[in-house]
Amino acid sequence: MISHAQKYCDPHGKVRVELTKGTWSKNVILRVSNTYTEGKNINYGHFFDRFYREDESHNSKKGGFGIGLAMARELIQVFKGKLSVSHKGENIVFTVSLKSVK
């Protein structure tokens, strides 16, 4: 997710990584966000579909096959976690929630 955030960040944008403890449960929350002003035009419903590419003309310059986020979500689900994506202002935010271990 961090490399994805770097790859699709605006040229002078920022990537932010934040790790916190969940408030009401024993979860660990990882948030990875990047500045991407075109984020409002993205179809987030397909973000985790295998081989999904939002804009072929834009993505042809970035490389990849469109499976990284799908694989990340599947791996996180193996550990009973959740991966979601949202758009806040000029940022795309990926949130991972995993149960913490002692």
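The values are calculated or read from the model by the stated rules, or taken from the named source; none is laboratory data. Since the structure is predicted, the reported quantities are computational estimates derived from the model, not experimental observations. Reconstructed Cβ throughout: ideal geometry from the backbone, glycine too, with neighbour counts over all protein chains shown.
Among the residues of the stretch 7-24, the one identified as farther than 18 Å from His87 by Cβ, of a type outside the set (D, E, K, R) and touching a residue at least 24 places away in the same chain (Cβ under 8 Å) is Gly22.
What residue, among those in the stretch 29-84 that are within 13 Å of Tyr8 (Cβ to Cβ) and hydrophobic (A, V, I, L, M, F, W, C), is modelled with the lowest pLDDT? Only one residue tops the list, namely Ile42.
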